[in-house]
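Structure first, then comments.
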Amino acid sequence: MSNPRIVVTGIGASSPLGGTAPESWTALLNGESGARTLEYDWVEEFQLPVTFAAEAKVRPESVLARPVAKRLDPSAQLAMVAAMEAWEDAGSPEIDPDRLGVDFATGIGGLRTLLDGWDVLREKGARRVLPMTVPMLMPNAAAGNLSLHFNARAYARTVASACASSTESIVNAIEHIRAGYADVVIAGGTESVIHPVTIAAFSSMQALSKRNDDPATASRPASIDRDGFVMGEGAAVLILETEEHAKARGAKIYAAVVGGGVTADSYHITANDPEGLGAARAVRLALEMADASVDDVTHINAHATSTPVGDPNEYTALRSVFGARIDDIPVSATKASTGHLLGGTGALEAIFTVLAIQNRVAPPTINLSTQDPEVPFRISGSPIPLGDGPQLAISNSFGFGGHNAVAAFASV
C-alpha cells in the first residue's frame, strides 16, 4: 500500500447555518445559531417535551429539480445539494469513472420516508405506498444516488456508525485512496431525522436540551449549565484526491488530510467510556498516521455535544493524550451553533476544521456562560487566532455503539 498525500479540493454543505459551505462558515464566525422553534402541527399534537431543533436553513427541495427531489428522501436530497456544491468547488474534475469513489455516511438513513410510508399504509392502504419507498429509505440511498449522479464506479460505500459516521467515511476515504481503489473520492455524510419519533425518543433518554424558551442558546458545550444536545439536520461533502492528481489538473487545495483513527469502546450502547480509552486511542491513531506528535497539534474541533456526561469524558480522553498541553490548544465546539447533525456532523465539522487552519482562526463557541471546571478547554465565545506557521488540526466524532472516529488535517 502506497501513502500518497491526500488533499481537500472541494467542499459543500447544507447546514442549519446556511445553504452552502461559505455561508455556514461565515455564520459560524459571526456567532450565529441555527436552532429555531419548530413550526409543525405535530409539535403540539404529540405534546413533545422539546419544541425546537436546528433544521437545514435552506430546504433542499428548493434547490434540486423537482423530479430529482421527489425520488429522494430529505437526507439524500441534502447529500445531493452538498455534493453538487463540493464537486463544482473542486472544478468538476474530469476523471475516469472507474477511479472515482464515494465514501458516504448516515446515522439513521431515510427515516422520514419510512415513517411516512407507514402512515400512508395505515391511512390509505397498501396500494398507495410509493414504489420508490425502499430505494428512498435505505441507508445507502445517499451513496448510491451520488454514485449515479457523478458516475462514480470505483465504489460507493456507506458508513452507519451513529454520530461518528461521516468522520469515519473520511478516514475510510484516506485508506481507500492509499490502497489504490480510487484517485478521487466524494466523502461526507447526511442526516434528516427531525421528526416527532426521534424527538420523543431522544427526550425519553434525557439527551436533548429542553430550553424551549430560548432555542438559540440551548446548545452549550463546556458550559456548566448545559442540559443536552440540540437535534440538527444537514449534509456536508469533501472532495478528496491525491495531491499529485490535484496538482496535475491545477486544482486549488484547501488542506491535506493526513491521518485518521477509528476505534470502538466496547463499553455501553449509548454511553461513552468515562475514561475515554477508545476516544484517546482514535486520536493517537490519527496522529500516528499523520506522522505527527501531540506538540504539532494547533487546533481541535471537539465532538462536544453539550451533554452533561459527554463533554467531560471527551476532556478526559484528550487530557490522557495531550497531558497538560490540552489546556493550551485552541478548541472549538461548533455544535453550539449548528446543533448535532448525527451522521452528518463529522463531515460538517471536518469542513470547519479545514477552513479553520486555512484561515488560521478557531471558530467561536457560543453560549458559554460559565465554563465547567471539569471541561477546562481553551475555548472562547470569540474567534481565536491560530497564528503563523504550520497548522495541524483534529476533528473528533463519537457515537452510540461506542464508535470513535478522528480525522487530522494539515495546512499546505
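Tabulated results
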quantity	calculated
Those residues of the range 42-69 which are without any contact (Cβ under 8 Å) to a residue 12 or more places away in the chain and of a type in the set (Lys, Arg), in sequence order	Arg59, Arg66
Selected residue (criterion: nearest to Met231 (Cα to Cα)) from residues of the range 317-349 that are crowded, with 20+ Cβ neighbours inside 10 Å and of a type in the set (Ser, Thr, Tyr)	Thr338
Residues that are closer than 9 Å to Thr263 by Cβ and among the small types (Gly, Ala, Ser), drawn from the range 394-408	Gly402, Ala405
All positions within the range 171-201 that are touching a residue at least 60 places away in the same chain (Cβ under 8 Å) and farther than 30 Å from Ala256 by Cβ	Ser192, Val193, Ile194, His195, Pro196, Val197, Thr198, Ile199, Ala200
Residues that are of a type outside the set (Lys, Arg), in contact with a strand residue (DSSP E or B) (Cβ under 9 Å, 6 or more places away or on another chain) and over 27 Å from Ser14 (Cβ atoms), drawn from the range 348-379	Ser369, Thr370, Gln371, Asp372, Val375, Phe377
Some residue of the range 54-63 being basic (Lys, Arg) and buried (at least 16 other Cβ atoms within 10 Å of the Cβ)	yes
Odd one out for His340, checked against (1) out of contact with any Cys (no Cβ under 8 Å at 6 or more places or on another chain); (2) closer than 25 Å to Ala53 by Cβ	(1)
Verdict on Asp273 being of a type in the set (Asp, Glu) and assigned to a helix (DSSP H, G or I)	no
Count of the range 331-368 residues which are in a helix (DSSP H, G or I) and of a type in the set (Val, Ile, Thr)	6
Residue count, the range 3-39 (criterion: out of contact with any helix residue (DSSP H, G or I) (no Cβ under 8 Å at 6 or more places or on another chain) and assigned to a loop (DSSP other than H, G, I, E, B))	3
Qualifying residue in the range 12-28 (condition: in contact (Cβ under 8 Å) with a residue 60 or more places away in the chain and β-branched (Val, Ile, Thr))	yes
Scan of the range 278-313 for residues that are farther than 15 Å from Ser332 by Cα and in a loop (DSSP other than H, G, I, E, B), ordered by number	Ala290, Asp291, Ala292, Ser293, Thr307, Pro308, Val309
Residue within the range 33-40 that is surrounded by 22 or more Cβ atoms within 10 Å (Cβ to Cβ), outside the structural domain of Thr353 (by TED's automatic domain parsing) and among the β-branched types (Val, Ile, Thr) present	no
Top-ranked residue of the range 83-114 - restricted to ones that are touching a helix residue (DSSP H, G or I) at 6+ places or on another chain (Cβ under 7 Å) and among the polar types (S, T, N, Q), ranked as nearest to Thr270 (Cα to Cα)	Thr106
Unmet criterion (only one of (1) assigned by TED's automatic domain parsing to the domain that holds Asp372; (2) surrounded by fewer than 21 Cβ atoms within 10 Å (Cβ to Cβ); (3) assigned to a helix (DSSP H, G or I)) for Tyr267	(3)
Index of the failed condition, Leu287 passing every other in (1) surrounded by fewer than 24 Cβ atoms within 10 Å (Cβ to Cβ); (2) assigned by TED's automatic domain parsing to the domain that holds Trp25; (3) among the hydrophobic types (A, V, I, L, M, F, W, C)	(2)
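Residue by residue, here is whether (1) within 21 Å of Gly401 (Cβ to Cβ); (2) in contact with a Cys (Cβ under 7 Å, 6 or more places away or on another chain); (3) assigned to a helix (DSSP H, G or I) holds:
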| site | (1), (2), (3) |
| --- | --- |
| Ala164 | yes, no, yes |
| Glu168 | yes, no, yes |
| Val171 | yes, no, yes |
| His176 | no, no, yes |
| Ala182 | no, no, no |
| Arg211 | no, no, no |
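Residues checked against (1) within 17 Å of Ala235 (Cβ to Cβ); (2) in the same structural domain as Ala173 (by TED's automatic domain parsing); (3) not β-branched (Val, Ile, Thr):
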site	(1), (2), (3)
Ala79	yes, yes, yes
Ala90	yes, yes, yes
Arg99	no, yes, yes
Thr106	yes, yes, no
Ala126	no, yes, yes
Leu137	yes, yes, yes
Leu146	yes, yes, yes
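The values are calculated or read from the model by the stated rules, or taken from the named source; none is laboratory data. Here the structure is a predicted model, which means the values were calculated and not measured. Here Cβ is always computed from backbone atoms with ideal geometry, including for glycine, and neighbour counts include all displayed protein chains.
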